[in-house]
Amino acid sequence: MEIKVEQAGAAVRIGLAGRLDASTASGVEETFLAWVGQGAKAFVFDLSGLEYISSAGLRVMLLAAKKMRSAGGKLALFGLGETVREVFEISGFHTIFAIFGSEDDALAFVGNP
């Protein structure tokens, strides 16, 4: 699992590549929570490099959504490949998250023109 974090204006862009499963989910969670701890309230997750997501990975994504909702922040996803999109649809998570086709649209949603 590769986690790449960068500031994208007022938002934090977290790029994930590889497999998000039980063995890698804690690293993603720690990265996200560290930025939340620093006061970040706008996140975009770039999932274009994500090959696979398990239930443990979905749990981390749900944690992120709940944290942003309770903190009054915003979170958007973009770049879901066919396999990952299918998992989101089967699990019903596509109704929980703001999912976009492009980074620009995701950034606009979280308030970063």
Specify the residue with the greatest mean-square fluctuation among G73, G15, G39, computed from a Gaussian network of the chain linking alpha-carbon atoms under 10 Å apart.
G39
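Sort V5, V60 by Cβ crowding within 10 Å, fewest neighbours at the top.
Working: V5 14, V60 23.
Placing the least packed residue first, the sequence is V5, V60.
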Kirkwood-based Rg over Rh for the chain (C-alpha set), two decimals?
0.92
Please compute the modelled spin-label separation between E82 and S23, points set 7 Å along Cα→Cβ, answer in nm with one decimal.
2.6 nm
Where the centre of each part is set by its Cα atoms, how far does segment 1-39 sit from segment 78-113, in angstrom?
16 Å
Determine the sum of side-chain charges near M1: Lys and Arg each +1, Asp and Glu each -1, restricted to other residues whose C-beta is under 13 angstrom from that of M1.
-3
Magnitude of the charge dipole, the chain, Cβ model with Lys/Arg +1 and Asp/Glu -1, debye to 20
500 debye
Of G101, F78, A65, which is farthest along the charge dipole of segment 52-113 in the positive direction, counting Lys and Arg as +1 and Asp and Glu as -1 at C-beta?
A65
Using Cβ contacts closer than 10 Å as the measure, can you line up F32, F109 from fewest to most?
F109, F32
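A short reminder: the numbers here are calculations on the coordinates, not readings from a lab. Keep in mind it's a predicted model, so treat the numbers as computed, not measured. With ideal geometry, Cβ positions are generated from the backbone for all residues, glycine too; neighbour counts draw on all protein chains shown.
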